[in-house]
Amino acid sequence: MSLLVFGHKSPDTDSVCSAISLAYLKNKLGMEAKAYALEEPRKEAQFVLNYFNVAKPEILKAGELKGKDVVLVDHNEIAQTADEIGEANLVEIIDHHKIGGLSTDLPISLRIMPVGCTCTIVYSLFKENNVEIPYEIAGLLISAILSDTLIFKSPTTTKLDKEAVYALAKIAKVDYEKYGMEMFKAGTSLEGFSIDEIVNMDFKEFDMSGNRVGIGQVMTLDIDAVLSKKDEFLAYINGTEFDMLVLAITDIINEGSYLIYKGEDKIISDAFSVGACQGVFAQGIVSRKKQLVPKLTDAVKNI
Ligand code: MN
Ligand code: MN
């Protein structure tokens, strides 16, 4: 049976590129597989697809999952996957996030590694299976790794991510630092986006000690455009139904995040060792997975 491969909702570069690359690899290994996206890919992913001239994956439609074999990439939490996942047969997960509560009736293949990007794992799978990586797949893989690791600035970066980038840069024919900056600039321009679009651009929901906590993260090279609208962001955030909501505006050059939040000041100051105020800069905080989530989870627990 044909495999459906897809990443998380609000598809980022890793979710899109790992799905396409893994589907390509499965096809090469004699399986029938097709990459999908759960929603319209984000701007950076669109830039990458255009740059390497790869067709955008089809958006998965309601009802399409029923009875199908699916492979999840770049996520494993129920809240982040297809709404109808319960109607499908989950056969495999390839991911680099913490395990988040999916359970299955049958044994499945799992490849979860603490690396910076799902595409680093997909790169390893090409190597393990001795499948040659063509130009455009190398382009997708390197883009995702540069994106997830912030060109190696993220603390999630590992030796495996770097080795993959060095090798893929040759096949994709890019200067990885120069290309990475070009990709971030194209992907992080906030021109034309509304306040709620910016908050929800890269948004994930978590349960912290029974509280409904939302964390949105925006990486941009244009910080001033966001901070000049701080009050409008705050009005929107305070109007949501979340117990707590943190919008992290991450400056990848200065390696930190400006925080606009709904919630107690004390949680913010405890979590990030800063004097809490709207728009406060948390130096060194760039990763939601490795920093924002665990620090907030601890601070909420201890309040
Ligand atoms: Mn992702
Ligand atoms: Mn990822």
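The values are calculated or read from the model by the stated rules, or taken from the named source; none is laboratory data. These numbers come from a predicted model, not from an experiment. In this analysis, Cβ positions are derived from the backbone assuming ideal geometry, glycine residues included, and neighbour counts consider all displayed protein chains. Heads up: the accessible areas ignore ligands, DNA and RNA and are worked out on the full protein's heavy atoms, side chains in. Shrake-Rupley method; radii C 1.70, N 1.55, O 1.52, S 1.80 Å.
Brief remarks follow.
- Residue check, A88 among the aliphatic types (A, V, I, L, M) and within 20 Å of K34 (Cβ to Cβ): yes
- The single condition among (1) modelled with pLDDT of 95 or more; (2) not in a strand (DSSP E or B) that A225 does not satisfy is (1).
- Summed over region 264-282, residues that are part of a helix (DSSP H, G or I) and buried (at least 17 other Cβ atoms within 10 Å of the Cβ) total 5.
- Only one of A62, A35, A19, A23 that is under 21 Å from E132 (Cα atoms), more than 16 Å from ligand 2 (Cβ to nearest atom) and in the same structural domain as E77 (by TED's automatic domain parsing): A23
- Residue count for region 65-91 satisfying the condition of being touching a Leu at 6+ places or on another chain (Cβ under 8 Å), away from ligand 1 (no atom under 15 Å from the Cβ) and without any contact (Cβ under 8 Å) to a residue 60 or more places away in the chain: 6.
- Taking each residue of region 192-221 that is on the phi > 0 side of the Ramachandran plot and looking for partners that are open to solvent by 60 Å² or more (accessible area, probe 1.4 Å) with beta-carbon atoms closer than 8 Å, six or more apart or interchain, yields S209/K301.
- Condition met for G239 (surrounded by 16 or more Cβ atoms within 10 Å (Cβ to Cβ) and small (G, A, S)): no
- Applying the criterion of being more than 19 Å from the chain's Cα centre (by Cα) and open to solvent by 20 Å² or more (accessible area, probe 1.4 Å) to the residues of region 27-40, the residue that is nearest to I85 (Cα to Cα) is K34.
- Restricting region 105-128 to residues that are in a loop (DSSP other than H, G, I, E, B) and open to solvent by less than 70 Å² (accessible area, probe 1.4 Å) leaves a set whose member that is farthest from ligand 1 (Cβ to nearest atom) is I108.
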